[in-house]
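Worksheet: the structure to be examined is printed underneath.
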Amino acid sequence: MADETHDDTFREEQDHLSAIYAQLCDLRDTLTEEIETNHRGAADDLREMSEEIRPDFGGTDETMETLAAIETLNSVIDTYNQYHDFTVEKLQHVLLLLRQPYFAKVTLEMRPDRPPRDVYIGAAGMTDKRKRPLIVDWRSPVAETYYNQEMGTTSYQVDGRTRTVNLLLRRQFDITRDTLNSYFDTTVAIEDSLLLGALKKHHSEKLAAITATIQREQNAVIRHKDVPVLLVSGIAGSGKTSVLLQRVAYLFYQERKTLSADQVFLFTPNDVFLRYIDTVLPSMGEKNPRIFTWRGFLSSLGLSERGDGRDGSPEELAHLEEGVRTLTLEPDDLREVRCGERVMLKASSVVGAVAKFSRIPVGPRLMALVKDELHDRLDRRLAALSKSEEIWEEMLGLDVEEQVEVFGQTISPACDDECASYALTYLRHLFADAHDEIERGNWLRIDRIGIRVLGKSALSAAEWVYLKLLVMGGGEKSARYVMVDEVQDYTVTQLMVLARYFPQAHFVLLGDEHQAIREGTATFDQVRQIFSATHGEAETCELLTSYRSSPEITALFTSLLPLDERARLASVQRAGTPPRIVEVADGDAGHYVAELGHIAEKAAGEEGLTAIVAADAARANWIAKQLGKRVRLMERDSLMPATGVVVMDLRLAKGLEFDHVVVPDAQAAVYPDTQLSRRRLYTAISRAMHEVTIVSQGELSPLVPRG
C-alpha cells in the first residue's frame, strides 16, 4: 500500500468515513431524543386515558363500555411498545456501527450502461433520512459479491433469482470508530490482509465474530440454502464454530420477521465452551439462541439424576419402538393427577379416561384424546368445587391485592350464582398447574412401562426421553433450527433422541470425525442415516483450510491423518515456530515435573494463553497439583482467562484455541498406536495457534514424528 500521507485514495476513504461517522452520530442523537420524547409523551397520554376510564361493572352496557375503554388503552400501549422496540433496535445497530462503521467496500458495475456503484459493507445495515443505503448488512444479498472473492463477473441471489454483476474493486478496511488505519485491495483468500492480520493476534477469553474475514468456503456454509439437515465436516481450526454462529446470525437476518431467538437451539460440548462463545451473537447485534450442553438439556427435562444419557444403546431404542406398537397400558402404568400435595383426579379416574379409548393403540393420538378427557374431568371437578361454601369463604377472605391478581378487580358477589362464578375463576387460578400436569403427561408411569417393555431394572435418561416421545409425542415442536457443534462426540443414541425430540426443526451438524475422542461415538455415515430417516437426506459441506494453526502445527496434527486426506488440507497462516518435543526418561518424575514447571514459568511471562492439555481429568489434576500456583486448573464451571497458564483435560479443551499448547504425558503408554489415540492427539495438538510443546515421561508415542 502507498504511503498514507501521499495516498489520494486513503484521504478519499478517510473523508468518506468521517462523513458516514458524522451521519451515524446524528442518527444516534436523533434516535435517543425520539426515545426520550416518545417515553414522555406515552406517559402523559396513558395517564390522561387512564383517568378518563371509569370502571363500571354494574350492568351489561356499562361493563361493555368499560371493557372497550380498557381494550383501547391496551391497543395504545401496544402501539407505543412496538414503536419503542423498533427505535431501540435501530439505535442498537447505530451504536454497533459506531465502533466500526464498515469493514469492506465493493465497486460493482450493475449494468454495462450504468456508472459503477460503491457498496460499503458493515456488521449492520443503515440508511440515511431518504432511505438510501449508507452501509449494507454483511448478510444482505449484494454483500455476497465481497465474500465470493471473484473479480470480474460474479453473481448473487435475490429472492431466488440470480443477479450477475461485474466486480471492479474489492477493498478491505482496518477502521477504529472514525479513524481509517489502513486499507487493502484484495482478490483471493491467500492475499486476505485482514485475515492474516487477525490470525497474528493472541488468544482472547471470548470467541470473536469473523464477519470481516469470512472466507469463500466458510461463506458457502453460512449462506447455504435452508435444508432439513446440513452436515458440515471441517478440519481442526477451520472455523466451524465461528461459521455456525455466523450462520445463526444469517438465519436471523433472512427470517427476521418470523424467527425468534427462542426458536433456535444450540448444543455446545461443555460449559467452558458455552461461556467462550456467548458474546459472539450479541456483538453482531443479535440475541443468543437457547444454548445447551447435552447435560444441560437433560437437566431441563428433569433427568439430571439419570446420568449423561450416553449409555443407552440404539438397539434398546429400537426395542422400545417395537414394544410400543403392541403395548397395552395397565392400571399400574397410571397415577393420579396432583397439584402440589392435593390430588385433583384419582388414579381410578385416569384409568377410566384411558379405558374410554381402549380401541386406539398406544401413541400420541391416544394420549391426545386422554388428555382432552382428563382436562374435561378436571374442569367438572373444579365446577363442582365452585359450589362449595368452604371455597367461597376462602375466596372472600382474599385481600384486595390478591383479588386484583386473580380477578383483575375487587369483587362483591351479589348472589350465589355470582359467587359460584367467581369461585370457578378462583379455582382455575389456584389449580392451573393441574392442567399443566395433564399436558406434561405426569399421570403416566414412563419408568414402569419402559422396564416392562425392555425387561430391565431401570431406564437411562435417553431411554426415558425416547419412550415418552414414542408414547406421548411432543418434544420441542416450536424449534425451527437446532445446531449441534462437535457432533462427532455424540453417540447414535443421543442423536436419535435429538432427532425425535425436535421433529420439525432443521438441523445444522458440525464436526470433525478425527476429533472423536471417545469410543462408541457416531460416525458421519451413522449421522446421515439417523437424520435421513427422520428429517430427509443430509446435504454435506466441507471446510478444508486451517485458519487457527501455523503451517508447522498444521503439518504436525495432519500427519496423524490418512495420506489421501492430508493432500486436501491447507493452512493460510504464515510460517511460525517449529513444534518442540521433550522426552524425559521413564521413571524420572522429578525431572518431568521440573520440565513442565520450566515451560509454565516461561509461558507465564509471554503474551497470550498457554494450555497444558492432559489426556484425562486425573492427569490434569495431578499436573495442577504438582505445578501449584504457576498454573490454574480449569473445571467445568471455570471462566477462561485471557492470559496465563491453564491446565485442563482434553474433553474441556474441545472447540477452544490457545496461543501455546503443551501436550504432557505424550508417552507410548498414554498415546499408543491406535485410532482413538490418533484422534485424541490430533485434537490436543490442533488447539494451538502459534506454538506446541510435546512432553513425554518415558518412550515417546510412536504417533509423534521425531523430526
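Selection among 374, 577, 30 by position relative to the dipole of the chain gives 577 as farthest towards the positive end (Cβ unit charges, Cα centre). Positive end of the dipole of the chain (Cβ unit charges, origin at the Cα centre): among 676, 397, 483, the Cα lying farthest that way belongs to 676. Multiplying the residue separation of residue 537 and residue 564 by 0.36 nm and subtracting their alpha-carbon distance yields 7.1 nm.
Cross-link reach is defined here as a Cα-Cα straight distance under 20 Å, omitting same-chain residues fewer than 8 places apart; for residue 371 the aspartates and glutamates meeting it are 330, 332, 333, 336, 379, 433, 436, 437, 439, 447, 476.
Suppose all protein chains stay in the model; what accessible area per residue would a 1.4 Å probe give for region 354-422, in Å²?
Working: 4290 Å² over 69 residues.
It amounts to 62 Å² per residue over region 354-422.
Just to confirm my numbers, what's the Cα centroid distance between region 484-517 and region 320-370 in Å? Going from one Cα centre to the other spans 32 Å. Can you work out the FRET efficiency for the pair residue 639 and residue 348, with r the C-beta to C-beta distance and R0 = 45 Å, to the nearest 0.05? Efficiency at R0 = 45 Å is approximately 0.25. Relative contact order of the chain: 13 percent, from C-alpha pairs under 8 Å at least 6 residues apart in sequence. Once you have a ≥ b ≥ c as the square roots of the Cα gyration tensor eigenvalues for region 262-398, tell me rounded if a/c is under 1.5, and otherwise prolate or oblate according to whether a/b is larger than b/c. Because a/c hits 1.5 or more and a/b fails to exceed b/c, region 262-398 counts as oblate.
Spatial offset of region 389-427 relative to region 120-168 amounts to 62 Å, using the alpha carbon center of each.
Given R0 = 60 Å, the distance between the Cβ atoms of residue 261 and residue 389 translates into a calculated FRET efficiency of 0.75.
Going highest first, how would you order 180-186, 141-147 by mean Cβ packing within 10 Å? The partial results should precede the final answer.
Numbers: 180-186: 16.3, 141-147: 21.1.
Output ranking for 180-186, 141-147: 141-147, 180-186.
Once you have the Cα-Cα distance between residue 304 and residue 621, take 0.36 nm times their residue separation minus that, and quote the gain in nm to one decimal. Walk me through the numbers before you get to the answer.
Working: separation 317, 0.36 × 317 = 114.12 nm, distance 2.48 nm.
Answer, rounded to one decimal: 111.6 nm.
Inter-label distance, residue 445 to residue 179: 7.3 nm, where each label sits 7 Å from its Cα along the C-beta direction. In terms of the Cα gyration tensor, with a ≥ b ≥ c the square roots of its eigenvalues, is region 625-707 rounded because a/c is under 1.5, prolate because a/b exceeds b/c, or oblate? Cα axes put region 625-707 in the prolate bin. Past 30 Å, Cα to Cα: identify those pairs from 105/654; 356/387; 629/654; 131/287, in the order given. Cα-Cα > 30 Å for 105/654; rest within. Here r is the Cβ-Cβ distance between residue 401 and residue 421 and R0 is 30 Å; the resulting FRET efficiency, rounded to 0.05, is 0.90. Spin-label model, residue 577 to residue 206: label points 7 Å out along the Cα-to-beta-carbon direction sit 2.8 nm apart. Each label was represented as a point 7 Å from its Cα along the Cα-to-Cβ direction; for residue 118 and residue 287 these points are 3.7 nm apart.
Each semi-axis of the equivalent ellipsoid for region 564-707 is √(5λ) with λ an eigenvalue of the Cα gyration tensor; in descending order they amount to 22, 19, 15 Å.
Rounded to whole Å, the principal axis extents of the Cα atoms in region 77-136 read 51, 26, 13, largest first. Highest average first, the peptides 652-663, 11-22 ordered by how many other beta carbon atoms sit within 10 Å of their residues are 652-663, 11-22.
When the trypsin sites (Lys or Arg not before Pro) in region 275-312 are filtered for DSSP coil states and for at most 15 other beta-carbon atoms within 10 Å of their beta-carbon, the remaining sites are 287. The sum of -39500 (n - 2.57) across all DSSP H runs of n ≥ 4, divided by the residue count of the chain, sets its helix-only mean residue ellipticity at 222 nm to -14000 deg cm²/dmol.
Given 0.36 nm per residue, what is the gain on full extension from residue 458 to residue 128 after removing their alpha carbon distance, in nm?
Details: separation 330, 0.36 × 330 = 118.80 nm, distance 6.44 nm.
The residue 458-residue 128 span can extend by a further 112.4 nm.
Computed about the Cα centre, the dipole magnitude for the chain is approximately 2460 debye when only Lys and Arg (+1) and Asp and Glu (-1) carry charge, each at its Cβ. Across region 299-349, counting alpha-carbon atoms alone, Rg and Dmax equal 15.8, 40 Å.
The values are calculated or read from the model by the stated rules, or taken from the named source; none is laboratory data. Please read all numbers here as calculations on a predicted model, not as lab measurements. As a convention, Cβ positions derive from the backbone with ideal geometry for all residues, glycine included, and neighbour counts pool all protein chains shown. Note: areas computed on protein heavy atoms with side chains; ligands, DNA, RNA excluded. Shrake-Rupley method; radii C 1.70, N 1.55, O 1.52, S 1.80 Å.
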